[in-house]
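Structure, as structure tokens:
Laboratory data are not the source of any read-out in this text; all were calculated from the coordinates shown. Given the structure is predicted, the values throughout are model-derived calculations rather than measurements. All Cβ positions, even for glycine, are placed from backbone atoms using ideal geometry, and neighbour counts span all protein chains on display.
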Amino acid sequence: MRTEPASFNRLTRRDASTELVSILTQAKLVRVNRATQEIEPWLATSWTRSADGLRYTMKLRPNVAFSDGQPFTADDVVFSFAAAYDERSASVLSDSLQVNGKKLTVAAVDPLTVIVTFPAPFGPGVRILDNLPIFPKHKLQSALDAGTLAKAWTLETPPAELAGLGPFVLSDYVPGQRLVFIKNPHYFMKDAAGASLPYLDRITAQIIPDQNAEMLALASGQIDLTSDAMRPEDYAPLRRAKNAGRLQLLDLGVGYDADSLWFNLKPNAFAADPRASWIQRDELRRAISMAVDRKHFADTVFLGAGAPVFGPETPANREWFSADVPQTPYDPAGAKALIESIAPGQTVRFTLLTQKGRSSLERGSAVIRDELQKIGVIVDVVPLDGNALIQRFVSGAAYDAIYFRAAATDTDPALTPDFWFSFGSAHMWDIAEPMPATPWEGQIDALMAKQIASADLAERKRLFAEVQKIFAEHQPAIYFAAPRVFVAASTRVTNLAPALIRPHLLWAPDRIAVAAGAPRATH
Amino acid sequence: MLAYLARRFLFALFLVFAVSSASLLLVRMAPGDYATESLGITARAATMEQTRRLYGLDRSFAQQYGHWLARAAHFDFGRSMAYDRPVADLIPERAANTAILAVTALFAATALGIPLGIITGSRRTGLLPAVIRTVSITLLSMPPLLTSLFLVFFAARTGWLPLGGMGGGTADVTGGALVDLVRHLIVPAAALAMPLAAMFERLQSQAMAETIGQPFVLAATARGVPRLRVVWRGALKAALRPVTSIYGLVVGTLLSGSFAVEMITSWPGLGRLMLDALRARDVYLVAGCAAAGSVFLAAGTLLSDAALAFVDPRAAE
Amino acid sequence: MMGRRIGIVLVALWCVGALGAASFAPHTASDHFDGLLNAPPTLPHVRDEAGAWHAPFIYRWRLVDQLEQRYQEDRTTGVPLRWLRGGHVVEGNDQAGSPLLLLGADGFGRDVFSRLLFGARTSLTLSIAAAFGAMMLGGAIGGIAGYAGGLTDDLLMRASDFIIVLPAMYVALALRSILPLVLEPRIVFVLLAIIFAVVGAPFISRGVRAIVRSEGRLEYAVAAASLGAGHWRVLGRHLLPATRGFIAVEMTMLIPAFIVAEATLSYVGLGFPEPIASWGTMLRDASDVRAFADFPWLLSPAAAMFVLVLGLNLIVQDRRPEDWH
């Protein structure tokens, strides 16, 4: 892992390392199979939907125990929801478990049955429950009552105190260096043949802050896996290690996310600015999209290991990507004409903020600058420290344009409403706008609302295809290319199920096995 | 003597106070705070407000500073937001790791740099001094990031040494825990020690050459005293002066950790902690690290001044 | 003397190179060739495959594998070098895709050699200016502290301790937030020079102080003082010259440190904006494992610094009195 987990309490932190610890040690009611994007029954074995679509009656798996031996019941489910929604601990999970800004309610009917009630019809249904790990009521109830949940299960907690339903248990934590997980003897999942999972006895997670050092450790066999994908620059040394028989290289194809360029489209943001006549116009963005040669972009930024993309959904999202969406052609002359039409005789110049230290962002902004220079548009690229950039953006300070990436957490667009809806906090070009600022954003809002409520998958896809079309027409955010995802692992590791979403290999840790030899996998 | 020590101690206290306060102020001035760092760019405004309130980040600087000061008086240095542990636990832990590394590197650098500097200082011509000089200059012109990267790369290529961490990872360790630690120590200590040795060598060389040219040395040689004896008895003590004077600085800054080396070799030390804390705008941790750094520096300079008095009685108080 | 002359030549080499960068460099610091990312150097040849002699020419690079960034020389045709054209001393044929890359290309396809020369301007002027600043400041502080002793000494030394301990990164980050978004290079230069001079001064002042303190008790100094020489005169004419050697050596170490520090500070945003090149940033961008394994030409700024520091050391060390063995 790149950094230490911030806590052992998934309620309070969402950093990648805490998330990884949670994946290894905790389980959820349902699981989204990251490789197939399908929902799988997990702690819940089956569920039925009520006629009005608001209530799901879920049957829980019997004879399941936590890692400390205590039985798992419906009370733990109710408790977990209460913990996530607890106002006093300001859990980071709360937002991801809300529909239209309202919480779900859950009730235990009997020790093995719960009823989850949605505040409004919700298309994805129980998929949202992949966001909630189940916590042990017997360990944390007192903290919840006292209002001190936020202070529970910090890094100082002795590992024996942490009880979970996941395939592994934390056995050792050496601050700054590593975490060691051992097999959970009470883990409930079994493989197809009935053998108990997980196959691995122990996982050691090393904390390696530098990407170069991590890559070297992988190539020389000192670690078996990494939780991140490889950079294109790392391809050559890893290929050498593969040829030497030490590594397996997995090419997972183009990923789900791409970096995006967006302008400040807040109404009146440029009120006193002489550029107000053109800087927020659709034509400017369309021109920019036409002026950049996306193939060349992929070649330069991702060394050819990328594919052009034209919207927030990439073809990798098989379920939801609409191929009918019009793609802007590469037409620099047309772009120049468009610019002339909206800003006749003026110099078009704007500042582009981006984050320092992220190679794809720095390279991407350099390519954008160069391509736009060819059509006479001047871009001042200003790389800022990450926090400075976020602060600027979140505080609503003035900016012209930003080039950044906000990764999606789920392929189903209904689970990322903050991006699509005008009032959302991830509606990057105009965040938290109570009412849609433009007619087309209003259209998207309406379509998305229907899409979320509908239970008919075909209908939802149709509605979302409409959304993508409107998006492509107005391009509030411009996308250029998405990288291919490469993952490497040592040849010892078998039975991998690679996925495009992080963590690419460790999302299913219970199935990973090691070829005959020492029962140890490190990462 | 006692008065001098008391004065130094008071100054040191003041230094710690001044540096911690300045750090707190600077971190506040820097854009963003822990909430932006941990929640990211897509966070809802309400969530951000809630988080800020939880960590007390919505208070004014004066309030936060006063609060910190009041608690520091009771030796409670606050809690790190990023690690969710008391600062007073986190820093000594990391400082100990850095100390292991620093002491090893210092020892190696002194043992290498000073004798080599004496050699190149007393002999200007010849192959050996030229080679030593070239190596020193090479090391001085390489950024520490590059040196550590090279060493790690070299270790990876040859496979002789572990690439990072402090050891203890594998279940079966031949030779025991100490040997494991030493093996893990080699790469980071080398990365730290090499440029340091080069610096010592250069300074020592210069000082040595100057001292040898002094009249008293010439006179001693004229009297027939063997050269080696002159060098050892007379010239050496005087020549050690410049290196000793900055030794304290070196010790102090070394104990604060080198970010580049620690990051590349995954050594969990203070240097890495300091910059991670800055990046995460972890206010109390930043103040704590700065305070620790100033303690080390104060101790280092005191040590150095004491050594200076020993080496050069003329400069004694 | 011999060594000293070599030293002067080496340093002068870089100064001339930096000043004449526009002519000596075949390209600007920002010209980039998108098909030649991390391309190896195009070595000039005079004999072709058949053994015939020609005016100096280079071979083109053909991309073999884009992801691995491997190239192969296209030995079918030699591209002759063109001399004294368009303000450049020598260049290849940029239009035909065979630019002269004497030190290869970097990760953005920019000519390393040209960036090295243009970067010399930035890095040399900044680090030398800062080093002089540090010398002035540190020399003054150390001299006064060592001479006056007592409370003044303590105060000055603790003040410089404060400067050493306060991490420059914190200051730089806070500073960056006050400055406007788009930085002007001149402002960055002045700020960095000041920061480096202040941060480097304590290293000089401590050594100067120690030397001044001990020298101050020597006979000649006491004699001078008793003869009625004012404090400043004693300090300036008698004591400080004794520190010359130390200061000189210290400065030769500060200069490379400053060049590298410029890259570190640019990490928090306080650096020179594109397209200004600097050795520090070039080295930082090259700090990747692939630089050692596959693209060693990316490390040429380190070699350049080596030459520079070697030259400086040669100049400095020959100030010693004659060796007497």
Handout entry: Contact order relative to length of chain A, as percent, for alpha carbon pairs under 8 angstrom and 6 or more apart
Key = 19 percent
Exercise for the section: Report, in degrees rounded to the nearest 10, the 0 to 90 angle that the Cα long axis of helix C:112-148 makes with the longest principal axis of chain C. Expected result: 10 degrees
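Report the gain in length on full extension from A:Ala497 to A:Ala195: 0.36 nm times residue separation, minus Cα-Cα distance, nm rounded to one decimal.
Details: separation 302, 0.36 × 302 = 108.72 nm, distance 1.86 nm.
Extending this stretch completely gives an extra 106.9 nm.
Rounded to the nearest 0.05, what FRET efficiency is calculated for B:Phe310 and C:Ile194 with R0 set to 35 Å and r the Cβ-Cβ distance?
Details: r = 37 Å, r/R0 = 1.05.
So, using R0 = 35 Å, E works out to roughly 0.45.
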Problem - C-alpha long axis of helix A:457-474 to longest principal axis of chain A, angle in ° - result: 30 degrees
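Specify whether the C-alpha gyration tensor of the range A:23-111 places it in the rounded, prolate or oblate class, a ≥ b ≥ c being the square roots of the eigenvalues: rounded for a/c under 1.5, otherwise prolate if a/b is larger than b/c and oblate if not. Show your work: numbers first, answer last.
On the way: a/c = 1.24, a/b = 1.09, b/c = 1.14.
Rounded is the answer for the range A:23-111, as its axis ratio a/c remains below 1.5.
Over the range A:363-518, what is the mean sequence separation of C-alpha contacts under 8 Å (at least six apart), divided by residue count, expressed as relative contact order in percent? Provide the component values of the computation, followed by the final result.
Details: 110 pairs, mean separation 15.3, N = 156.
In percent, rounded to a whole number, it is 10.
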Exercise for the section: Compute the normalised compactness of chain C: alpha-carbon radius of gyration over 2.2 N^0.38 Å, N being the residue count. Expected result: 1.24
Exercise for the section: Choose one answer from C:Gly133, C:Gly143, C:Gly78: the residue with the largest mean-square fluctuation in a GNM of chain C with alpha-carbon springs under 10 Å. Expected result: C:Gly78
Fill in the blank from the handout: Partner shielding of C:170-181, as the mean number of partner chain Cβ atoms within 10 Å, equals 6
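Which of C:Val90, B:Val225 has the fewest other C-beta atoms within 10 Å, and how do the rest follow up to the most? Each step should come with its number before you reach the end.
Working: C:Val90 17, B:Val225 14.
Ascending Cβ contact count within 10 Å gives the list B:Val225, C:Val90.
Hey, can you rank C:283-289, C:186-192, B:110-116, C:251-257 by average C-beta count inside 10 Å, highest first?
Working: C:283-289: 22.1, C:186-192: 16.0, B:110-116: 18.7, C:251-257: 24.1.
Packing proxy ranking, top to bottom: C:251-257, C:283-289, B:110-116, C:186-192.
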Completion exercise
Across 10 Å bins beginning at 0, the whole-percent shares of Cα-Cα pair distances in the range B:1-124 come to 10, 25, 26, 19, 12, 7, 2, 0
Handout entry: Selected from A:Ser171, A:Ser80, A:Gly101, residue furthest toward positive end of dipole (chain A; charges at beta carbon)
Key = A:Ser171
Handout entry: Debye-sum result for the protein assembly as shown in log10 I(q)/I(0), which assumes one identical scatterer on each alpha carbon, at q = 0.04, 0.06, 0.08 Å⁻¹
Key = -0.24, -0.55, -0.96
Problem - D (Stokes-Einstein, µm²/s), Kirkwood Cα radius, the range A:95-191, 1.567 mPa s at 4 °C - result: 79 µm²/s
Practice task
Specify the angular offset, from 0 to 90 degrees and rounded to the nearest 10, of the alpha carbon long axis of helix C:168-178 from the longest principal axis of the alpha carbons in chain C.
Solution key: 70 degrees
Problem - Given charges at beta-carbon only (K, R positive; D, E negative), |dipole| of the protein assembly as shown in Debye - result: 2880 debye
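222 nm [θ] for chain A, helices only, -39500 (n - 2.57) per DSSP H run of 4+, per residue, to 500? Working shown, then result.
Details: 13 runs with 142 residues, N = 523.
So the calculated ellipticity at 222 nm is -8000 deg cm²/dmol.
Within 10 Å of each residue's Cβ, count the other Cβ atoms and sort C:Asp161, A:Asp15 from fewest upward.
Values: C:Asp161 25, A:Asp15 20.
Lowest to highest Cβ neighbour count: A:Asp15, C:Asp161.
Rounded, prolate or oblate for the range A:78-148? Axes are the square roots of the Cα gyration tensor eigenvalues, ordered a ≥ b ≥ c, and the cut-off for rounded is a/c under 1.5. Each step should come with its number before you reach the end.
On the way: a/c = 2.12, a/b = 1.32, b/c = 1.60.
Judged from the Cα gyration tensor, the range A:78-148 comes out oblate (a/c at least 1.5, b/c at or above a/b).
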Handout entry: Relative contact order %, the range A:1-105, counting alpha carbon pairs below 8 Å whose residues are six or more apart
Key = 18 percent
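In Å, what Kirkwood hydrodynamic radius results for the range A:236-390 from the alpha-carbon pair distances?
Working: mean 1/r = 0.0564 Å⁻¹.
One over the average 1/r among Cα pairs gives 17.7 Å for the range A:236-390.
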Handout entry: the range A:302-372: C-alpha gyration tensor shape, a/c 1.5 cut-off, then a/b vs b/c
Key = oblate
Practice task
Using the charge dipole of the protein assembly as shown (Lys, Arg: +1 at Cβ; Asp, Glu: -1 at Cβ; taken about the Cα centre), state which of A:Leu144, B:Ser141, A:Ala213 has its Cα farthest towards the positive end.
Solution key: B:Ser141
Exercise for the section: Report, as an integer, the average count of C-beta atoms from other chains found within 10 Å of each Cβ along B:263-273. Expected result: 4
